[in-house]
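The values are calculated or read from the model by the stated rules, or taken from the named source; none is laboratory data. Here the structure is a predicted model, which is why all the values come from computation and not from measurement. Glycine gets a Cβ as well: all are built from the backbone with ideal geometry, and neighbour counts include every protein chain shown.
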Amino acid sequence: MIDTDSSAPSRLSGTNLERTADHNQRVTLHAIRVAGPCTRAELAEITGLTGPTVANITRRLQADGLIAVAGKRIGLRGQPAIQFKIREDACYAIGLSVDADEGCIVLIDFAGAILALRREPLPGLTVDHVRAFYHQSIGGLLRSGGVGREKILGLGLALPDPGAGTLPDWDGVDMAAMFAAPFPVPVFSDDAAAAAAMGEGLLGLGQTYGSFFYLLIGPRLRGGLVIDGSFVRRDGGQGLEIAPTGSGAGLAAVREGGAPVSFARLSEELEQHGLFLKDLKHGGSYSAEVEECLRGWTEQAASRLATVLEPINCLLNPAAVLLGGKAPEFVFDRLAAKASDLLKQKAAQIPAIAPIVRAAFAHEAIALGAAILPMHHYLLPKSGTLWKTPTDREPARHPKGQ
C-alpha cells in the first residue's frame, strides 16, 4: 500500500554528493518550476540541499539561461532575498501524438504552455502517413509560436500500444531518420498512456497529488500509477491495460478483450442524432434523445469504471484517480461524479476511496505528454538518476511489438 498525503505538497529530494551534481541541478530546476518564484533558502528547504549547494546550482542555471531573477523578497529579516523563476523561453519542445482518429502536434515552452497546436484526421497510421503529417505541420507550428528551430530541444512521439495491432509497419523504424527533415531533431517515443500520465504528473495535477492512478480512456482503457512524477511501468516498459476479467474488470497486461470503458459507443449513438462527441458543450441545449443517450452511457460507463477502480483503491491506494482522453470536460465530470457515487455505496468493503478527477490536460494530454519527453530526458528529475538504466539512453528505434 502506498502511503500518501494529498494535502501536503510533493517534496523533491537531492543529495550533496559531488558526483550527483546533474541530479541536484535537475531537482533544483524542477523545484523552481513547481514552486514558482522562490528564494535560495526556500529551495534548500524544498530540495533538502545545503545553502552553498543551492547557491552554486542557481548560478549555473542562470549562466545556462534556464532561470532568471524575479525580483527580491521584501519583509524578511536581513537583506532582501533574491527570488528565481524559470525562463519560459529557455527552450521549446514538440509533441506529436497519433491514433486511429487523428494526429495532433503541439509546440510548448519550458513552462509547459502550449504555444501552437494542430489537429488533423489521418488516412492511416503507417510510417508514411505520420511522417507526412509532421512535415506538413512543423513549419507552420514554429511560425505560429514565433520559435526558431535552433531552440527546439527535441520531438516527443506518443504512439498507440504496439500490441494493439494499429502500427502496421513500425517495427525497427529509425526515428531520427524518419523525422530528419526539414531539420534534424532528437526523437523520443513512448506509448500514449505513459506519455499522458507523465505530462499530467510533471505539469498538471501531479503538483497537487503526490501519487495518482492515471486512466486514459480511448479505444482501449490504459493507464498506470504515477509516483512523484514518475510513471511506474510494468515489465516491457509500458503501462497497464484495463481489461475484462470474468464477470467484472481488473488490471491485466493483456493484448485482447474489449475495453470496459470507451467513448466509441457514445460517439456512435451521438452520430445517429447528427452530433459529434467533440462538439458537445457544457450547458448546451440538446434533444431529449441526446440527453438520454448521455445519461445511459454515463451510467453504464460509471458502473464499469467503479468495478475497475475497486482493486485500484484496495491494492494501490493512490491519492487520486485522474481521467484523460478525447472528450468534452463535462462528460468526464459526469462520469467521475457517477463513478464516485457508486464507489461510496461500497465504502464498507473498500479501505479508502481516492477522489476521481478529470485530468488537467484531459484532451491534449497525449500530445502535451509527448512534448515533455525531451525535457524530461535533458532537464527534469528522473527516477533512478544515480544508476544507469536502459531508459537513460537516447531512443533511436521503435521497439517491436511485444
Inset, instruction - Give the residues of segment 93-111 that are in contact with a strand residue (DSSP E or B) (Cβ under 8 Å, 6 or more places away or on another chain) and acidic (D, E), sorted by residue number. - result: D101, E102, D109
Inset, instruction - Identify all residues within segment 1-45 that are farther than 16 Å from R60 by Cβ and either hydroxyl-bearing (S, T, Y) or modelled with pLDDT of 90 or more (or both); write none if there are none. - result: T4, S6, S7, S10, S13, T15, P37, C38, T39, A41, E42, E45
Legend entry - Residues within segment 312-323 that are modelled with pLDDT of 90 or more and out of contact with any Pro (no Cβ under 9 Å at 6 or more places or on another chain), tallied: 3
Inset, instruction - Could you tell me which of the residues R143, R149, R131, R118 is in the same structural domain as Y378 (by TED's automatic domain parsing) and either under 20 Å from the mean Cα position of the chain (by Cα) or crowded, with 17+ Cβ neighbours inside 10 Å (or both)? - result: R118
Inset, instruction - May I ask you to say which residue of A302, A264, A288 is farther than 15 Å from E329 by Cα, crowded, with 17+ Cβ neighbours inside 10 Å and assigned by TED's automatic domain parsing to the domain that holds A354? - result: A302
Legend entry - Close pairs from segment 138-153: first farther than 12 Å from D89 by Cα, partner aliphatic (A, V, I, L, M) and in a helix (DSSP H, G or I), Cβ under 9 Å, at least 6 apart: R149/I138; R149/L142
Legend entry - segment 343-382, residues that are over 19 Å from the mean Cα position of the chain (by Cα) and loosely packed, with under 15 Cβ neighbours inside 10 Å: K344, Q345, K346, A347, A348, Q349, P351, A352
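Looking at A180, A194, A176, which one is in contact with a Lys or Arg (Cβ under 8 Å, 6 or more places away or on another chain) and not in a strand (DSSP E or B)?
A194
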Inset, instruction - List every residue pair whose Cβ atoms lie under 6 Å apart, where the two residues are 6 or more positions apart in sequence or sit on different chains, the first residue falls within segment 363-383 and is in contact (Cβ under 8 Å) with a residue 60 or more places away in the chain and within 26 Å of K278 (Cβ to Cβ), and the second residue, located anywhere, is hydroxyl-bearing (S, T, Y) and crowded, with 24+ Cβ neighbours inside 10 Å. - result: I366/S97; A367/S97; A370/S97
Legend entry - Hits in segment 288-306 (condition: modelled with pLDDT of 90 or more and β-branched (V, I, T)): T298
Inset, instruction - All but one of (1) closer than 16 Å to R233 by Cβ; (2) among the aromatic types (F, W, Y); (3) modelled with pLDDT of 80 or more hold for F361, so report the exception by its number. - result: (1)
Inset, instruction - Only residues that are under 14 Å from K85 (Cβ atoms) and either at pLDDT below 90 or of a type outside the set (S, T, Y) (or both): list them for segment 46-63, please. - result: L61, Q62
Legend entry - All positions within segment 317-333 that are among the β-branched types (V, I, T) and within 16 Å of the chain's Cα centre (by Cα): V321
Inset, instruction - Read through the list (1) under 21 Å from K278 (Cβ atoms); (2) not in a strand (DSSP E or B), then give the number of the only condition that R118 fails. - result: (2)
Inset, instruction - Assess whether P37 counts as being farther than 21 Å from F361 by Cα, under 28 Å from the mean Cα position of the chain (by Cα) and not assigned by TED's automatic domain parsing to the domain that holds H377. - result: yes
Inset, instruction - Determine, yes or no, whether G95 is within 24 Å of the chain's Cα centre (by Cα) and at positive phi. - result: no
Inset, instruction - Identify all residues within segment 270-303 that are in a loop (DSSP other than H, G, I, E, B) and either touching an Asp or Glu at 6+ places or on another chain (Cβ under 7 Å) or closer than 29 Å to K344 by Cα (or both); write none if there are none. - result: H273, L280, K281, H282, G283
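Okay, residues lined up against (1) buried (at least 18 other Cβ atoms within 10 Å of the Cβ); (2) more than 27 Å from A352 (Cα to Cα); (3) free of Cβ contacts under 8 Å to residues at least 24 places away in the same chain; (4) out of contact with any strand residue (DSSP E or B) (no Cβ under 9 Å at 6 or more places or on another chain):
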| position | (1), (2), (3), (4) |
| --- | --- |
| G284 | no, yes, yes, yes |
| C293 | yes, yes, no, yes |
| L309 | yes, no, no, no |
| C314 | no, no, no, yes |
| K326 | yes, yes, no, no |
| R334 | yes, no, no, yes |
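Rundown of residues vs (1) outside any strand (DSSP E or B); (2) surrounded by fewer than 22 Cβ atoms within 10 Å (Cβ to Cβ); (3) at pLDDT below 70; (4) in the same structural domain as I312 (by TED's automatic domain parsing), yes/no style:
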| site | (1), (2), (3), (4) |
| --- | --- |
| F213 | no, no, no, yes |
| L216 | no, no, no, yes |
| R220 | yes, no, no, yes |
| G223 | no, no, no, yes |
| G237 | yes, yes, yes, yes |
| A249 | no, no, yes, yes |
| R255 | yes, yes, yes, yes |
| E268 | yes, yes, no, yes |
